[in-house]
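A short write-up of the structure that comes next.
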Amino acid sequence: MLERGFHRSFAEIFDLIKQQADRRLAAGPDSNLWSQRPLTEEPEKLDVMRRQLVEAESAMLLGNGLDYKFVGLAI
């Protein structure tokens, strides 16, 4: 992703992984979050997000007016 110039897509995925880890740690081992698989262990989900984010960033860079922000992305 980075090699192809999709820095925003990479940053978005990196931030999602970090947010999930932070929420998981804050909730503690007795929470439901603790039993969920982290995104880092979900390569299929990461691949879907990567493809969609790269597509959105490509559209943004081409200037066709599509919004880059994904709302309600569940992790």
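The values are calculated or read from the model by the stated rules, or taken from the named source; none is laboratory data. Keep in mind that what you see is a predicted model, and the values were worked out from it rather than measured. Here Cβ is always computed from backbone atoms with ideal geometry, including for glycine, and neighbour counts include all displayed protein chains.
Pairs linking a residue in the range 21-37 that is touching a residue at least 40 places away in the same chain (Cβ under 8 Å) to a residue that is of a type in the set (S, T, N, Q), with Cβ atoms under 7 Å and 6 or more positions apart or on different chains, do not occur.
If we keep just the residues of the range 4-40 that are among the acidic types (Asp, Glu) and under 30 Å from residue 61 (Cα atoms), which is surrounded by the most Cβ atoms within 10 Å (Cβ to Cβ)?
12
Scan 46, 25, 2 and give me the residue that is out of contact with any strand residue (DSSP E or B) (no Cβ under 6 Å at 6 or more places or on another chain), modelled with pLDDT under 90 and of a type in the set (A, V, I, L, M). Steps first, answer last, please.
Values: 46 fails: modelled with pLDDT under 90; 25 fails: modelled with pLDDT under 90.
Residue meeting the stated conditions: 2.
Listed by first and then second residue, the pairs with beta-carbon distance under 7 Å, at least 6 apart or on different chains, first residue in the range 44-56 and closer than 15 Å to residue 16 by Cβ, second of a type in the set (A, V, I, L, M, F, W, C) and not in a helix (DSSP H, G or I), are 50/1; 54/1; 54/6; 56/66.
I need the full set of residues from the range 1-21 which are charged (D, E, K, R) and under 11 Å from residue 49 (Cβ atoms), in order please. Within the range 1-21, just 12 meets the criteria.
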